[in-house]
Amino acid sequence: MNRRPTLLAAAAMTAAAVLSLSACGGGDGDSKDNDKIAGADTDSGGKKESPAPKASEDGIDRPEIKLPKDVKNVFEGGKTGDAKKDAVLADNERRINSIDEAITVDAKTHPALKFYSSKDALLTAADYIQGFRKEDKSFIGTTRYYDRQVTFLKEGVAAVGYCQDSTKTYPKDLKTGKVDRSIPESADDYGFYNTRLKKNAEGVWQTESVTYVEDATKKCMK
């Protein structure tokens with residue numbers, strides 16, 4: 001058992017389910033205190049991380065994303081010196097945070113989910129979130145994202161490849177509130193992703209597709 005399933009482990013979900021998730025956050029009135037998650041090691045291990053992107057720094061009216069205090073994403077290498085690449089990486093960060101917000105926070109709406117994801121990536125994200133909800137699961141702790149690289153494919157389109165390390169996250173049972181810290185570290189806790197992003201009319205780099213690259217995961221184990 002791994003701590004967090006790989007994003008592409010789930011099959012694509014129907015559009016109706018996506019609309020349901022974006023309308024109600026994938027939760028229901030019986031969910032309790034999902035945003036009051038206790039006890040996680042959020043130490044980044046001294047790794048250099050980029051500051052969290054500010055909602056209005058580029059003049060775009062962005063939805064606010066709030067993660068529980070014991071859920072943290074560490075993004076390394078957020079400043080490349082290239083303003084265009086930095087903008088792509090910032091929206092990549094926001095997209096990841098929007099998914100984790102929908103998993104870990106019991107809220108009426110999660111507008112950021114559709115703000116940063118579209119097309120196949122929105123279907124995949126919704127299915128991933130729903131997978132947690134169906135099993136009454138969430139998680140706590142720190143997830144690290146690193147070796148992030150931006151490649152521009154053509155005007156308005158970019159590719160971002162990155163590694164994920166979830167060895168410091170722990171699954172939480174929403175019914176009992178218990179956190180399982182007994183899971184040993186394994187290769188399943190690492191993943192490599194290739195994502196395709198396109199800049200929309202509002203200037204947001206929306207993720208359109210996500211590919212989990214199993215053969216590249218070994219390079220992330222460091």
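The values are calculated or read from the model by the stated rules, or taken from the named source; none is laboratory data. It should be emphasised that the depicted structure is a prediction, and the values quoted were computed from it without experimental measurement. As a convention, Cβ positions derive from the backbone with ideal geometry for all residues, glycine included, and neighbour counts pool all protein chains shown. For accessibility, only protein heavy atoms count, side chains too; no ligands or nucleic acids. Shrake-Rupley method; radii C 1.70, N 1.55, O 1.52, S 1.80 Å.
Points to keep in mind about this one:
- Unique residue being farther than 28 Å from Val88 by Cα and out of contact with any Pro (no Cβ under 7 Å at 6 or more places or on another chain) when the list is Tyr162, Tyr193, Tyr170, Tyr145: Tyr170
- Single condition Ala83 does not satisfy, out of (1) modelled with pLDDT of 95 or more; (2) surrounded by fewer than 17 Cβ atoms within 10 Å (Cβ to Cβ): (1)
- Taking the criterion of being outside any strand (DSSP E or B) and either small (Gly, Ala, Ser) or within 19 Å of Lys79 (Cβ to Cβ) (or both), the only residue of the stretch 135-174 that qualifies is Gly156.
- Single residue of Thr207, Thr176, Thr211 found to be surrounded by 19 or more Cβ atoms within 10 Å (Cβ to Cβ) and either closer than 22 Å to Ala102 by Cα or small (Gly, Ala, Ser) (or both): Thr207
- Number of the exception - Ile129 against (1) in contact (Cβ under 8 Å) with a residue 60 or more places away in the chain; (2) open to solvent by less than 20 Å² (accessible area, probe 1.4 Å); (3) part of a strand (DSSP E or B): (3)
- Residue satisfying all of: in the stretch 86-107; among the acidic types (Asp, Glu) and open to solvent by 10 Å² or more (accessible area, probe 1.4 Å); nearest to the chain's Cα centre (by Cα) among these: Glu101
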